[in-house]
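Structure first, commentary second.
The values are calculated or read from the model by the stated rules, or taken from the named source; none is laboratory data. A quick note: this is a predicted structure, and the numbers were derived from the prediction, not measured. Glycine gets a Cβ as well: all are built from the backbone with ideal geometry, and neighbour counts include every protein chain shown. For accessibility, only protein heavy atoms count, side chains too; no ligands or nucleic acids. Shrake-Rupley method; radii C 1.70, N 1.55, O 1.52, S 1.80 Å.
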Amino acid sequence: MDHTPHHPEGHPRGTASWATAVKATLHCLTGCAIGEILGMVIGTALGWGDVPTMVLAIGLAFLFGYSFTLFAVLRAGLGLKAAIRVALAADTVSIAVMELVDNAIIALTPGALEAHLTDGLFWSALLGGFAVAFLITAPVNKWMIGRGKGHAVVHGHH
């Protein structure tokens, strides 16, 4: 008889498929991208400085990232307080890694912070940052899911 602890996806603890990690990362990326782009567009359009624009973009990335999970688990019948706990547990590390990498790419790309919405540099730095963030965050999510953490906590509520 198998006594290996399993997490909600049915994989033995310590393993997670790349497909599951990619799906979780794409889910995170979607919320982060919506919030990040919205924040960058608002801050840039209003002529805000780099720091306030990035703070707004990061805040909105977390808000939208959490909201995708929150609404999914609320639809599954979880109460609001429990749904908030699940969203925080599922997405905090993933969003934080994604935002750290994405914003570092933007900050380190010469001229990206000064670029305007009509500049290709603005969009290439933003989208390039998302691509690199995805590549770094997917293995983090795979590791966390394999240990029953991160997005693994959501699967018990679907």
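Here are the numbers:
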{"read-out": "Percentage, to the nearest whole number, of Cα pairs in segment 102-158 over 16 Å apart", "value": "55"}
{"read-out": "The chain - percent relative contact order, Cα under 8 Å, separation 6 or more", "value": "34"}
{"read-out": "Among [x] 62, 30, 19; [y] 77, 43, 18; [z] 66, 37, 23, the entry that matches Cα extents along the principal axes in Å as calculated here", "value": "[x]"}
{"read-out": "With Cα atoms, 0 to 90° folded angle of helix 120-146 axis to the chain main axis", "value": "20"}
{"read-out": "The chain: angle of helix 50-75 to the longest principal axis, Cα-based, in degrees nearest 10", "value": "30"}
{"read-out": "Percentage relative contact order, segment 21-91, counting C-alpha pairs under 8 Å, at least six apart", "value": "32"}
{"read-out": "Only Lys, Arg (+1) and Asp, Glu (-1) charged, at Cβ; the chain dipole about Cα centre in debye", "value": "700"}
{"read-out": "Using a Förster distance of 35 Å, the FRET efficiency for residue 76-residue 48 (Cβ separation, nearest 0.05)", "value": "0.40"}
{"read-out": "Dipole axis of the chain (+1 Lys, Arg; -1 Asp, Glu on Cβ), positive-most option in 148, 136, 66", "value": "148"}
{"read-out": "Where labels lie 7 Å past Cα in the beta-carbon direction, separation of residue 41 and residue 84 in nm", "value": "2.9"}
{"read-out": "Which of 75, 85 is most accessible, then next, and so on - probe 1.4 Å", "value": "75, 85"}
